[in-house]
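S.K.: Just dropping this structure here.
Computed from the coordinates by the stated procedures, all read-outs in this text should not be read as laboratory data. Just so we're clear, the structure is a prediction, and the values are computed from it rather than from any experiment. Because the Cβ atoms are built from the backbone with ideal geometry, glycine has one as well, and the counts that use them run over all protein chains shown.
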Amino acid sequence: MDPAIKHIIETWQQLASCIEQHPDKLFNMQSDYWQDYLALCQETGNTPWQQQVAFHFIKKSYSLLSQHLQQWTENITTDENSKIAKKLTFYTKQLLDALSPNNFVATNPDIIAKTIEMDGGNFINGMQQFLADLEQGKGLLTITPTDLDFFKPGENIACTKGHVIYQNDLMQLIHYQPTTEKTYTYPLLIIPPWINKYYILDLQSENSLVKWLVDQGWNVFMISWVNAKEAHRKKNFSHYLQEGPLAALKIIKKIKKIDHINVLGYCIGGTLLGCTLAYLAKKQDSCIKSATFLTTLFDFSEPGDLGNFIDANQLAILEKHMESKGYLDGKIMSAVFNLLRANDLIWSAFVNYYLKGEKPKPFDLLYWNADPINIPEHVHRFYLRNMYLHNYLVQSNKLKLSGTPIDLRCITIPSYFLAAQDDHIVPWSSSYKSSHYLSGPVRFVLTTSGHVAGVVNPPYRNKYSYWTSNQSHQHPEDYLFSATLNPGSWWDDWATWLKNYSGELQSVDCDISKNIIEDAPGSYVKVRFTL
């Protein structure tokens, strides 16, 4: 039996054990469900039985069952291990998402209408797409979410003009070409996550954070991480520290002839930035003037739904996979992230492309999501065990990187934290807790929406909103109570904050001609592994 399937079965067995220990809870919950179901039947019975009423009844029945099953799982495991309870709740939701009436031909009126309209041609189109996806996944079904042939990095995505000015085994360093006559004295280095490709921050010109920053007068540098092969197996967290941000800082200081740089870290890139700051603090190096953390965790005690995939048994399974290849296959990471938003990223595509027979349409965000990156075995093993499993990062001097003990409390520079209210990867409350481990002044901002959409939110859209507060609170609930809700994008708020640490506007004088290796977006980001 597949070890992952075995683990899920063992988790469900925990639920059976809980039921055996609390039969009274099960009886009461069943009683509540049947009372609600009979009320629904009575309500529907008073309505003429027509096709739309039938679909309405099926939908309401499913909604009622989903509500009660999730309540059952939560209530019956209340007294048990909290991690087991969270896993059971998560797996229950996955099961219910899959069983939605929307996902079946006979219970989805839209599919029935489409079938009549196309004389069943939708199923032929859907089967062709299904077989193509199966072949592309080499036996693993991975739904093609968008038109993968439409976007070309450097042409219509990741196309902000610039040059690769440095590279090593782990990354390429991109410098973006200024578009203003004057730029701020102190440049900005961006550290993206190495579990995805960097261009989530440089999609298309209208929603590119990079392009927006360049047009605002910042000199922007970006790390583009390598798509790992077996040869990268032994690259560990210390390598990522030394060959990533520390190498980039050294090059930028040399080219710009400056001593101070602002740095932004996104997701795990923010975690690495925190480690970098703590490392530099121990070395008494003050080259970083300010730090921006986008949806970043330091405290992994409550990691959200991702925590359901991380325990000793599951890590052993994952490590066995990585040992065989030398890296974590990007397909696995992509599949995990898709499961966290199964309705949006799996089942809606399943219905649209396989049952309705529609063709995937171009969508930059989904293209990026379908462009995974492989992660070296040693760095991923270190990250999952030391941070997710043991939460060592917030324990002073527990971790050592390049022989240096890491203590986040040594960080005294100004910091800007952005969290997203509906983030399914970095819960905003955990990001808020993480901000309290730093000793310097912190501005914490909470945006609406999620891990990606909340971050990639250009001001011109006038979309979403964000909370700000000038008061310091220990608990996230108190922060939210005191915060002010502002309409629009957080980008403007951050730019106002960042200007305080960026120096004066001065004539562009950065000559990088001797350092140019190739045009942006570089070659590392173009290495693509099919899903």
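S.K.: Quick check: the angle from helix 330-340's long axis to the longest principal axis of the chain, C-alpha only, nearest 10 degrees?
M.R.: 60 degrees
S.K.: Another one. Rounded, prolate or oblate: pick one for the chain, where a ≥ b ≥ c are the square roots of the eigenvalues of its C-alpha gyration tensor, a/c under 1.5 means rounded, and failing that, prolate if a/b is larger than b/c, else oblate. Numbers along the way, then the final one.
M.R.: Working: a/c = 1.78, a/b = 1.53, b/c = 1.16.
Note, shape of the chain comes out prolate.
S.K.: Please determine, in degrees from 0 to 90 and to the nearest 10, the orientation of helix 312-325 with respect to the longest principal axis defined by the Cα atoms of the chain, where the helix direction is its Cα long axis.
M.R.: The angle comes out at about 60 degrees.
S.K.: Can you show me the helix-derived [θ] at 222 nm for the chain, built from DSSP H runs with n ≥ 4 at -39,500 (n - 2.57) apiece and divided by the number of residues, rounded to the nearest 500.
M.R.: When only DSSP H runs of four or more count, the value is -12500 deg cm²/dmol.
S.K.: What nm value, rounded to one decimal, do you get for the distance between ARG528 and MET118 when each label is placed 7 Å out toward the C-beta?
M.R.: Going from the ARG528 label point to the MET118 one covers 2.4 nm.
S.K.: 5 Å is the cut-off here: which amide hydrogens, built 1.01 Å from N in the peptide plane, fall below it relative to ILE157, excluding neighbours closer than 5 in sequence?
M.R.: Those qualifying (amide H under 5 Å, at least 5 residues apart or on another chain) are LYS152.
S.K.: What residues have an amide H closer than 5 Å to that of ILE191, excluding those fewer than 5 places away on the same chain, when H is modeled at 1.01 Å from N in the peptide plane?
M.R.: Under 5 Å from the amide H of ILE191: LEU264, GLY265, TYR266.
S.K.: Fully extended, how many nm does the chain gain between ILE512 and GLN35 (0.36 nm per residue separation, minus their Cα-Cα distance)? Could you put the intermediate results ahead of the total?
M.R.: Values: separation 477, 0.36 × 477 = 171.72 nm, distance 7.31 nm.
Difference between extended and current length: 164.4 nm.
S.K.: Here is a further query. Using the basic label-point model (7 angstrom from Cα toward the beta carbon), what is the THR496 to LYS254 distance in nanometres?
M.R.: 4.0 nm
S.K.: If the limit is 19 Å between Cα atoms, which of LYS114/LYS359; LYS235/LYS325; LYS282/LYS400; LYS211/LYS514 go over it? It would help to have the intermediate numbers written out before the result.
M.R.: Details: LYS114/LYS359 14 Å; LYS235/LYS325 14 Å; LYS282/LYS400 11 Å; LYS211/LYS514 24 Å.
Violating the 19 Å limit, Cα to Cα: LYS211/LYS514.
S.K.: Something else about it: Determine ³J(HN,Hα), in whole Hz, for all residues of segment 103-120 in sequence, where each value follows from phi through the Karplus function 6.51 cos²θ - 1.76 cosθ + 1.60 and θ = phi - 60°; x replaces Gly and Pro.
M.R.: Whole-Hz 3J(HN,Hα) from phi for segment 103-120: 8, 10, 4, 5, 10, 10, x, 5, 5, 4, 5, 5, 5, 5, 4, 9, 6, x.
S.K.: Measure nothing but the geometry: give the 0 to 90° angle between the long axis through the Cα atoms of 82-98 and the longest principal axis through the Cα atoms of the chain, rounded to 10°.
M.R.: Taking the Cα atoms of the chain, the angle to 82-98 is about 70 degrees.
S.K.: Can you list the HN-Hα couplings for segment 138-153, worked out from phi with the Karplus curve (6.51, -1.76, 1.60; θ = phi - 60°), rounded to whole Hz and with x for Gly and Pro?
M.R.: So the Karplus estimates, Gly and Pro as x, are 6, x, 9, 6, 10, 5, 6, x, 7, 6, 6, 8, 6, 8, 9, x Hz.
S.K.: At GLN284 and LYS60, where each label point lies 7 Å from the Cα along Cα→Cβ, what is the point-to-point distance in nanometres?
M.R.: So the two model labels end up 7.4 nm from each other.
S.K.: Size of the dipole of the chain about the Cα centre, Lys and Arg at +1 and Asp and Glu at -1 on the beta carbon, nothing else charged, in debye to 20? Numbers along the way, then the final one.
M.R.: Values: 47 positive and 52 negative charges, 337 e Å.
So the dipole magnitude of the chain works out to roughly 1620 debye.
S.K.: Put +1 on the Cβ of every Lys and Arg and -1 on every Asp and Glu Cβ in segment 234-336; which of ILE317, VAL263, LEU297 then has its Cα farthest towards the positive end of the dipole?
M.R.: Result: VAL263, furthest along the dipole toward the positive end.
S.K.: Would you work out the charge dipole size for segment 158-294 about its Cα centre, treating the Cβ of every Lys and Arg as +1 and the Cβ of every Asp and Glu as -1, and quote it to the nearest 20 debye?
M.R.: Dipole about the Cα centre, nearest 20: 400 debye.
S.K.: Mind checking the dipole of segment 469-531: about its Cα centre, +1 per Lys or Arg Cβ, -1 per Asp or Glu Cβ, Debye to the nearest 20?
M.R.: On the way: 4 positive and 9 negative charges, 61 e Å.
So the magnitude is around 300 debye.
S.K.: Whole-Hz Karplus ³J(HN,Hα) for segment 282-294, in order, using 6.51 cos²θ - 1.76 cosθ + 1.60 and θ = phi - 60°, x for Gly and Pro?
M.R.: Taking θ as phi minus 60°, the curve returns 5, 8, 6, 10, 10, 6, 8, 7, 8, 10, 10, 10, 9 Hz for segment 282-294.
S.K.: Moving to a separate point now. Antiparallel DSSP bridges in the chain: what percent, to the nearest 5?
M.R.: Working: 26 of 50 bridges.
Here the share of antiparallel DSSP bridges comes out near 50 percent.
S.K.: Among HIS380, SER286, SER205, whose Cα lies farthest out toward the positive end of the dipole of the chain, if unit charges sit on the beta carbon of Lys, Arg (+1) and Asp, Glu (-1)?
M.R.: So the residue furthest toward the plus end is SER286.
S.K.: How much length would be gained if the chain were fully extended between ASN313 and LYS463, taking 0.36 nm per residue of separation minus their Cα-Cα distance, in nm to one decimal? It would help to have the intermediate numbers written out before the result.
M.R.: Working: separation 150, 0.36 × 150 = 54.00 nm, distance 4.22 nm.
Extra length available between ASN313 and LYS463 comes to 49.8 nm.
S.K.: Among TRP368, TRP194, GLY450, whose Cα sits farthest toward the positive end of the charge dipole of the chain (+1 at Cβ of Lys/Arg, -1 at Cβ of Asp/Glu, about the Cα centre)?
M.R.: Working it through, the farthest residue towards the positive pole turns out to be TRP194.
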